[in-house]
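Every number here is computed from the coordinates shown, using simple stated rules; none is lab data. None of the values given here were measured: they were computed from a predicted structure. Backbone-built Cβ (ideal geometry, glycine too); neighbour counts: all protein chains shown.
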Amino acid sequence: MIILGLGYITIKSDKLDDWTEFSSAYLGMQLVDKTSSTAVLRMDERKQRFVVTNETAASNIFGWEVNDRQSLDILSGRLDKAEIKVTREPKSIADQRFVSEVISFIDPSGNKHEAFYGPELSNDKFKPGRPISGFRTGTLGMGHIVLNVEKLEKTQWFFQDVLGFKLSDYMLRPFKAYFFHTNQRHHSIALIETGQNKIHHLMVELYSLDDVGQCYDIALSKENRIGTTFGRHINDNMTSFYSYSPSDFLFEYGWGGRTIDLDNWEPEEVTYGPSLWGHDRLWMPEDQLKQAQEVRSQAAKNNVRIPVNVMPGNYNIGVGECPWWNNNLKK
Ligand SMILES: [Fe+2]
């Protein structure tokens with residue numbers, strides 16, 4: 001796939017101070033620069049991952065990483081062929097993003113995207129805004145974005161046929177959602193057909209489940225911070241919760257997302273979903289909330305369970321014998 005992953009995000013918001021608190025003291029990103037118009041944050045060894053700006057001419061931007069200049073040219077050619085206008089951004093924009101070169105384009109739902117190569121690394125160690133184990137980025141990109149779209153079809157065509165994302169899976173209830181990957185992260189982008197065009201949520205993943213639990217404790221101490229309660233997604237296996245961000249979209253904070261086998265992946269409909277347990281969507285209309293709860297209780301009645309996804313260094317294998325469990329494993 002020509003796009004390697006989600007490299008950076010810019011959010012346009014007037015609530016710069018709220019965003020600064022939210023992204024650093026709450027989520028644990030590192031604030032590296034703050035002016036009257038812009039907050040710049042790091043999540044890892046890169047100089048910059050997340051930017052919030054109140055500049056009038058700014059917009060939300062999703063930055064997609066490619067390997068090199070040749071890949072950027074190929075992508076640009078594909079966009080041209082699809083009659084999507086491509087802008088070669090000047091060096092000043094690449095410098096602002098701390099990357100080598102940038103092109104920009106707008107998707108059929110009106111969202112602005114950039115593609116780039118050559119991210120700059122910092123010489124200074126990443127220092128989180130609050131003590132966390134760190135964000136799971138690397139080859140998986142900085143997380144995922146989920147967009148509300150008025151109509152799925154055209155935007156799905158854009159991501160799949162033009163940008164080259166692959167379908168991971170989809171669900172038709174309690175709402176229509178399509179999930180797409182471009183690396184081993186189960187989805188770097190998903191589209192939900194809701195009749196409007198806006199961000200639904202952004203997601204960052206942590207190395208330790210405790211980072212998520214500790215953030216949940218902070219969320220519980222604040223009024224109206226939790227938008228979706230603690231729970232586990234059935235398709236990407238993420239254990240997470242969602243906060244109301246200072247803008248009008250949610251921010252998912254997760255752990256334990258699955259990585260997929262790119263060569264042997266077959267997309268299918270997710271019938272139990274979007275969550276195996278928990279994730280009460282407090283913002284959802286009553287009838288849809290009820291439908292989601294019914295789907296979850298059906299999954300529980302049918303004994304649906306999925307293993308946790310761990311990484312070297314964040315688990316211990318339990319010792320001891322349990323005849324009942326051992327017997328269970330053999331089935
Ligand atoms: Fe998500």
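A few notes on this one:
- Highest average packing first - 28-37, 272-281, Cβ atoms within 10 Å: 272-281, 28-37
- Taking the average, over residues, of other Cβ atoms within 10 Å as the packing measure, peptides 42-50, 113-121 rank 42-50, 113-121 from highest down.
- Using the Cβ-Cβ distance between Leu329 and Thr87 with R0 set to 41 Å, the FRET efficiency from 1/(1 + (r/R0)^6) comes to roughly 0.15.
- Working note: 222 nm ellipticity from helices only, DSSP H runs with n ≥ 4, each -39,500 (n - 2.57), summed and divided by the residues of the chain, gives -6000 deg cm²/dmol to the nearest 500.
- For the pair region 277-304 and region 56-107, the centres of their Cα atoms are 40 angstrom apart.
- Each Cα pair under 8 Å and six or more residues apart adds its separation to the average, and for the chain the resulting relative contact order is 15 percent.
- Take every DSSP beta bridge whose two residues both sit in region 7-85; close to 75 percent of them are antiparallel.
- Taken along its principal axes, the alpha carbon cloud of region 154-284 reaches lengths of 44, 32, 25 Å, longest axis first.
- The charge dipole of region 5-301, taken about the Cα centre with unit charges on the Cβ atoms of Lys, Arg (+1) and Asp, Glu (-1), comes to about 220 debye, rounded to the nearest 20.
- Label-to-label distance for Gln70 and Gln291 is 4.8 nm, based on points extended 7 Å past Cα in the beta-carbon direction.
- Cross-link check: pairs Lys176/Lys198; Lys34/Lys125; Lys12/Lys176; Lys15/Lys198; Lys151/Lys301 evaluated at a Cα-Cα cut-off of 24 Å; pairs beyond the cut-off: Lys12/Lys176; Lys151/Lys301.
- Among the trypsin sites (Lys or Arg not before Pro) in region 154-227, those located in a DSSP loop and surrounded by at most 14 other Cβ atoms within 10 Å of their own Cβ are Lys176, Lys222.
- Volume of the convex hull of region 141-202 (Cα atoms only), normalised per residue: 77 Å³.
- Charge dipole (Cα centre; +1 on Lys/Arg Cβ, -1 on Asp/Glu Cβ; no other charges) of region 174-251 amounts to roughly 200 debye.
- Per residue, the convex hull volume that the Cα atoms of the chain enclose (Å³): 152
- Here the Gaussian network model covers the chain, with springs between Cα atoms less than 10 Å apart; of Lys15, Lys301, Lys91, Lys301 fluctuates the most.
- In region 1-109, the convex hull through the Cα atoms has an average projected area of 7.6 nm², a quarter of its surface area.
- Our estimate of slack between Ser37 and Ile317, defined as 0.36 nm per intervening residue step minus the Cα-Cα distance, is 95.9 nm.
- Selection among Pro128, Ile189, Ser275 by position relative to the dipole of the chain gives Ser275 as farthest towards the positive end (Cβ unit charges, Cα centre).
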